[in-house]
Every structure is written in structure tokens, then in C-alpha cells.
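Asks: Let me begin by handing over the structure; questions about it come next.
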Amino acid sequence: MARVHLLATGGTIASRRTDGGLSATTPAAELLTAAGPLPGLEVTVSDLTTVPSFALTEADARALVRAVREQLAGGVDGVVVTHGTDTMEESAFLADLVHDDPRPVVFTGAQRPFDAPAPDGPANLADALRVAADPAARDLGALLAFDGLAFAARGVRKLDTLRSAAFGAPGRGPVLRVAAGAVLPLARPPRPPALPLDLGAALPRVDVVACHQGSDDALLRAAAAAGAAGVVLEALGVGNVPPPVATAAAELVAGGVPVLVCSRVPAGPVAPLYAGGGARLAGDGALFGGDLSPWQGRLLLSAALALDPRDPAGVLAGRL
Ligand SMILES: NC(=O)C[C@H](N)C(=O)O
């Protein structure tokens, strides 16, 4: 009998309709009952929070990853986290960054609420529990199981606001498929070693500044003024920014605030290709975030700053 722990945090999977809108009130035990019979699995449950994921704080995310680690220390074969989809890829990525254990940690949720006529949460949860107990999911780090597929946490993104096939990993694809209760292996992407982050301490503030045609330096300078220890630029295309943003980025880097360049485009890497754009940013010392989304890049830069405030680039080497 495989042993899996279900840790619930809220999200649409736990939500019911109220006069004020969807409200995440359903406890883990009820979610598990709705998932139906799971032969061969012994599942324990706990409720960490009952909130939508857009309301989770940085401290909540660290508490969640600490709770996952406590459950693993208790000797289960895997852990499932139910979570809102809005920021699931961020919590899953934080869990993945520190995950130094072969056992799976599987995030899941739903697009339709618990009391919908045809909710998607019960099947997603059943799949996630099977994945968490399956040897094929070992050594893949933190995973996100949704709509019959499981993705590695790194690179996964919410790509549709409402459809049940909400997630994808552009340029990477899923690592597992779940069909009729069977877990089918698809890919085993290499993972960098876990980062020895202290999850008991707040992570350094890193802000994401979005760029658009004609954007100026105001928000980048405001981030620095607000005390950001690092900034992620949600840049255009392959990693270009309007000239005023490049000027301010150079000043931030010169002042000891690292700038990580990611793209607003969902697929493909950033690269210092264009004079006046990415090439200028690279020449001025900005870091390039590979194909990480700005929000996963934000977490990685924050972790790097926590581990080595003087040389976060050294921590990032081999991880982008
Ligand atoms: N589908 C969802 O779970 C979205 C919800 N707003 C949340 O992130 O909690």
C-alpha cells in the first residue's frame, strides 16, 4: 500500500459559489472523498489554508514548502498539494528549487469549482494522488498534474484562464501522462541540484517590471526605490526593452541591484541579439533568464540573492 499525504491550500478546486463570488471553503477530507476510490493508496490529509492562490503571500509559499518537507520527513511515498491555479506555478517552482528528495511532490487544482455540475477537480486530484505514488514520478522534482498530464514545475505556465487544460510547458512539454489510472512516462528532464534555502526567513524582494511599446523608466526606478534587491524585466520578444528602460537597468546593475531579463512571450529563450535591446542590456551586466517565465525567474533570482547577495549570478550559473 503506497502512502500519500494530501495538503490542501484552497483554490477553485475547493471553491463553492457564494453571493460574493467563488469562495475556497472545502476541506481536504471532502476533496479526497470526491476523488473517488483509490485502490492501493492510503491517503492522509491536512488543511494548511483555504484561500484562493491570488491571495497567497511569500510567507505562505514558504510555509507551504516547509509543510511539504515535514510530511516527507514523516515517511510518506509522496505529497499532493491542492492549490489555486493562478499562482500554482510559483509555489510549485519554489518547492522544486529546494526539493532534494526522489519522492514526488505533486501540485494540482481545478478550473471549475467544487460545486460545479461537472467539476474537474476530483479527476485532477485522483490523477495527482496516483502520480505521487508512482515510481515513474520519482526524481522528477515538484510536478504539476492537470487535465491528464503532469509537468515538471520548472517551465510550467498557466496558459488558459478558464479551460480545464489550463497548463502547458512551452518548448518542454509534459513529463507524464495519466490515463485510466495508469501513469505513463514521457520525459525525464535533467534537474540542477537543490538550493539550500532557509525557508524560515523571508526571501529578498524581487519585483517584476513589465515592458510594452513605449514604456519608460518610471516603474523600474520605483522598484529600486521600494527596496527591491533585484528586478526581473518582463522584456519584449527575445529580451529587448525600450531605450529608457535599458538606461535605468544599467544604472540599477551599476548600483548593485541585479536585473534579470525574461520575456513576455510564453515560448522560447531570451538572448542578447539586438543592438540597443538585449545586447545593450547584456553589455551593461544584466542577466538573462533562459526560457523561465518572469515570475519563476523572480523566485530564482530571489533565492540566488538569499544564498549569495554579492554574487547571485554565481548561484544562477547552470540554472538558466
Ligand atoms: N482556477 C483557480 O484555482 C483560480 C483561482 N483564482 C485561484 O488561483 O485560487
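Asks: By how many nm would the segment from Asp139 to Asp19 grow when fully extended, if each residue of separation counts as 0.36 nm and the alpha-carbon distance is taken off? All intermediate terms of the calculation are to be shown ahead of the outcome.
Replies: On the way: separation 120, 0.36 × 120 = 43.20 nm, distance 4.40 nm.
Here the answer is 38.8 nm.
Asks: If you count the DSSP beta bridges with both ends in the chain, what percent of them are antiparallel, to the nearest 5? Don't jump to the answer; show the numbers that get you there.
Replies: On the way: 17 of 49 bridges.
The antiparallel fraction comes to roughly 35 percent.
Asks: By average Cβ neighbour count within 10 Å, what is the ranking of 152-159, 61-68 from highest down? Mind dumping the intermediate values first?
Replies: Working: 152-159: 21.8, 61-68: 20.2.
With the highest mean Cβ count within 10 Å placed first, the list reads 152-159, 61-68.
Asks: Determine the dipole magnitude for the chain: charges of +1 sit on the beta-carbon of Lys and Arg, -1 on that of Asp and Glu, nothing else is charged, the reference point is the Cα centre, and the result goes in debye to the nearest 20.
Replies: For this selection, approximately 460 debye.
Asks: Using a/c under 1.5 as the rounded threshold, could you call the range 1-103 rounded, prolate or oblate? The axes a ≥ b ≥ c are square roots of the C-alpha gyration tensor eigenvalues, and prolate needs a/b larger than b/c, oblate otherwise.
Replies: Since a/c reaches 1.5 but b/c is at least a/b, the shape of the range 1-103 is classed as oblate.
Asks: Output the antiparallel fraction of DSSP beta bridges having both residues in the range 206-316, as a percent to the nearest 5.
Replies: Close to 10 percent.
Asks: Something else now. Arrange the residues Thr25, Thr33 by how much accessible surface each exposes, largest first, with a 1.4 angstrom probe. Before the final figure, lay out each step's value.
Replies: On the way: Thr25 80, Thr33 110 Å².
I get Thr33, Thr25, largest accessible area first.
Asks: Determine the relative contact order of the chain: mean sequence separation of Cα pairs under 8 Å and six or more apart, normalised by residue count, in whole percent.
Replies: It rounds to 13 percent for the chain.
Asks: Something else about it: Kindly identify the range 251-320 as rounded, prolate or oblate by the Cα gyration tensor criterion: order the square roots of the eigenvalues as a ≥ b ≥ c, call it rounded if a/c is under 1.5, otherwise compare a/b with b/c, prolate if a/b is larger, else oblate. Can you show the working numbers first?
Replies: Numbers: a/c = 2.01, a/b = 1.18, b/c = 1.71.
Oblate is the answer for the range 251-320, as a/c is 1.5 or above yet b/c matches or exceeds a/b.
Asks: Determine, for each peptide in 211-223, 187-199, 105-117, 237-249, the mean count of other beta carbons within 10 angstrom over its residues, then list the peptides with the highest first.
Replies: So the order, starting with the most tightly packed, is 105-117, 237-249, 211-223, 187-199.
Asks: Short version: ³J(HN,Hα) in whole Hz for each residue of the range 211-223, in order, from phi by Karplus 6.51 cos²θ - 1.76 cosθ + 1.60 (θ = phi - 60°), x for Gly and Pro, what are they?
Replies: 10, 8, 3, x, 6, 10, 8, 4, 6, 5, 5, 5, 4
Asks: Could I ask something else about it? For the range 115-131, what does the Karplus curve 6.51 cos²θ - 1.76 cosθ + 1.60, with θ = phi - 60°, yield as ³J(HN,Hα) per residue in whole Hz, taken in order and with x for Gly and Pro?
Replies: Values per residue, Gly and Pro as x: 9, 5, x, 9, x, 8, x, x, 5, 4, 5, 4, 4, 4, 5, 5, 4 Hz.
Asks: Would you mind getting the accessible area per residue of the chain, heavy atoms of the protein chains only, 1.4 Å probe, in Å²?
Replies: Numbers: 13060 Å² over 320 residues.
Using a 1.4 Å probe on heavy atoms only, each residue of the chain averages 41 Å².
Asks: Here's another thing I want to ask about it. Once the piece of chain linking Asp100 and Arg163 is laid out straight, how much longer is it, given 0.36 nm per residue of separation minus the C-alpha distance between them?
Replies: Contour length minus the Cα-Cα distance gives 19.4 nm.
Asks: Mind checking the dipole of the range 2-185: about its Cα centre, +1 per Lys or Arg Cβ, -1 per Asp or Glu Cβ, Debye to the nearest 20? Can you show the working numbers first?
Replies: Numbers: 16 positive and 21 negative charges, 59 e Å.
The dipole of the range 2-185 has a size of about 280 debye.
Asks: Between Val265 and Gln213, what length in nm is gained on full extension when 0.36 nm per residue of separation is reduced by their alpha carbon distance?
Replies: Length difference between fully extended and current span is 17.3 nm.
Asks: Once you keep just the Cα pairs under 8 angstrom separated by 6 or more residues, what percentage relative contact order results for the range 122-181? Walk me through the numbers before you get to the answer.
Replies: Details: 80 pairs, mean separation 18.5, N = 60.
Value for the range 122-181: 31 percent.
Asks: Kindly work out what percent of the DSSP beta bridges joining two residues of the range 1-119 are antiparallel, to the nearest 5.
Replies: Values: 4 of 21 bridges.
Bridges in the range 1-119 are about 20 percent antiparallel.
Asks: Can you show me the helix-derived [θ] at 222 nm for the chain, built from DSSP H runs with n ≥ 4 at -39,500 (n - 2.57) apiece and divided by the number of residues, rounded to the nearest 500.
Replies: When only DSSP H runs of four or more count, the value is -8500 deg cm²/dmol.
Asks: Follow-up question, since we're still on this one. Give the ranking of Arg163, Arg177 by solvent-accessible surface, highest area first, calculated with a 1.4 Å probe.
Replies: Largest to smallest exposure gives the sequence Arg163, Arg177.
Asks: Label 7 Å along Cα→Cβ of Trp295; the range 57-83 residues with amide nitrogen under 20 Å?
Replies: Counting backbone N atoms under 20 Å from the label point, the list is 57-66, 81-83.
Asks: OK, next. What part of the accessible area of the range 2-185, given as a whole %, is carbon or sulfur when the probe is 1.4 angstrom?
Replies: 53 percent
The values are calculated or read from the model by the stated rules, or taken from the named source; none is laboratory data. Source: prediction; values computed, not measured. Glycine gets a Cβ as well: all are built from the backbone with ideal geometry, and neighbour counts include every protein chain shown. The protein model used for the area step is the full one, side chains on, heavy atoms only, and it has no ligands, DNA or RNA in it. Shrake-Rupley method; radii C 1.70, N 1.55, O 1.52, S 1.80 Å.
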